[in-house]
Amino acid sequence: MSAHNDTAFLRMFMMILGALVAFTVVIFIVAHLIIGTVEEERGEDPRLRAVIAERIKPVGAVNVAAVGAAPEAPKSGAEIVAAACNACHGAGVLGAPKIGDKDAWSQRLAAQGGIDGLLKSAIAGKGGMPPKGGAMVSDDELRAAIQEMLDKSGVDVAAAAAPEAQSGPVEAVKEMAGSVVEGAKSMVAAVMPAPVSEAPAVDLVKGKSVYDSACFVCHGTGAAGAPKIGDKAAWAPRIAQGMDALVHSALNGKNAMPPKGGRMDIADDDVRAGVAYLVNQSE
């Protein structure tokens, strides 16, 4: 009797255990189906996706440049002028020739021997301008920018170079003849005493005005090696060269000093007056 009861109990226990297992499996399947349906409707959780992406991201990355990629197109002269040159040449900062000032650009073009000379000066830097004006451009792009500024200033580069291109045997003979005449004049002047004449009067008041407006920047402080006004020792060897030589240097520039000290708006006679004032105060 006891054995029969045990068997019945064991059978009942196994049936209940099997029912519980089956119920658990059914619950698990139903829950999985419900969660899957919700995820399909709502989409994948972005926070979970971000966590997974953070865990599986690679330690490093290798960037390989595309083979045969087309080089960047060169910038136009107008683009470079607008991005770099206008800062100084638009307003004439630090004596830079203003865009549109035909006389100032013509003088620089002639002094540098053409656009190639201007390009060489711009590449190396001049006065307060750093090499290439501080712009990261190629030589060809810089040349285009210079050409753009010349065009906007009404300067015909071809016409400026024409006299040099037209020089030939005839011009060479004329130049030789002129040299002979000048040599003869020098010989006559050496033999014959020069007539006594008074030096042309110089307006020192005007000269002081020119000094105060332009020359004091360097000659007042000795910047860039300029002889300071009143420094007799520095001025003595320069004064010994004569007024004409000093004026010539002031008009055409010398060492770090640009032509006319960068003030191309000052007349030649006024430059002479400014030099005379410096000499007068430094003798």
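The values are calculated or read from the model by the stated rules, or taken from the named source; none is laboratory data. Every value quoted in this text rests on a predicted model; they were computed, and no experiment measured them. For neighbour counting, all protein chains shown are included, and Cβ atoms are generated from backbone atoms with ideal geometry for every residue, glycine included.
Report, by residue number, each residue of the stretch 221-240 that is exposed (fewer than 12 other Cβ atoms within 10 Å of the Cβ) and at pLDDT 85 or above.
Across the stretch 221-240, the qualifying residues are LYS232, ALA233, PRO237, ALA240.
Within the stretch 88-109, which residues are assigned to a helix (DSSP H, G or I) and either assigned by TED's automatic domain parsing to the domain that holds CYS215 or in contact (Cβ under 8 Å) with a residue 60 or more places away in the chain (or both)? Spell out the reasoning first.
Restricting attention to the stretch 88-109, the residues satisfying the condition of being assigned to a helix (DSSP H, G or I) are 88-89, 93-95, 102-109.
Result: HIS89, LEU94, GLY95, ASP103, ALA104, GLN107, ARG108.
Would a scan of the stretch 110-122 turn up a residue that is under 15 Å from the mean Cα position of the chain (by Cα), without any contact (Cβ under 8 Å) to a residue 12 or more places away in the chain and closer than 30 Å to ASP268 by Cβ? Talk me through it step by step, then tell me what you get.
First, the residues of the stretch 110-122 that are under 15 Å from the mean Cα position of the chain (by Cα): 118-122.
Still in the running and without any contact (Cβ under 8 Å) to a residue 12 or more places away in the chain: 120-121.
Then keep just the ones that are closer than 30 Å to ASP268 by Cβ; that gives 120-121.
Checked against the condition, which is being under 15 Å from the mean Cα position of the chain (by Cα), without any contact (Cβ under 8 Å) to a residue 12 or more places away in the chain and closer than 30 Å to ASP268 by Cβ, the stretch 110-122 yields at least one hit.
Within the stretch 224-264, which residues are outside any helix (DSSP H, G or I) and either in contact (Cβ under 8 Å) with a residue 40 or more places away in the chain or touching a strand residue (DSSP E or B) at 6+ places or on another chain (Cβ under 6 Å) (or both)?
First, the residues of the stretch 224-264 that are outside any helix (DSSP H, G or I): 226-231, 241-242, 253-258, 263-264.
Once the filter is applied, which keeps residues that are outside any helix (DSSP H, G or I) and either in contact (Cβ under 8 Å) with a residue 40 or more places away in the chain or touching a strand residue (DSSP E or B) at 6+ places or on another chain (Cβ under 6 Å) (or both), the stretch 224-264 yields PRO227, ILE229, GLY230, ASP231, GLY253, ALA256, PRO258, ARG263, MET264.
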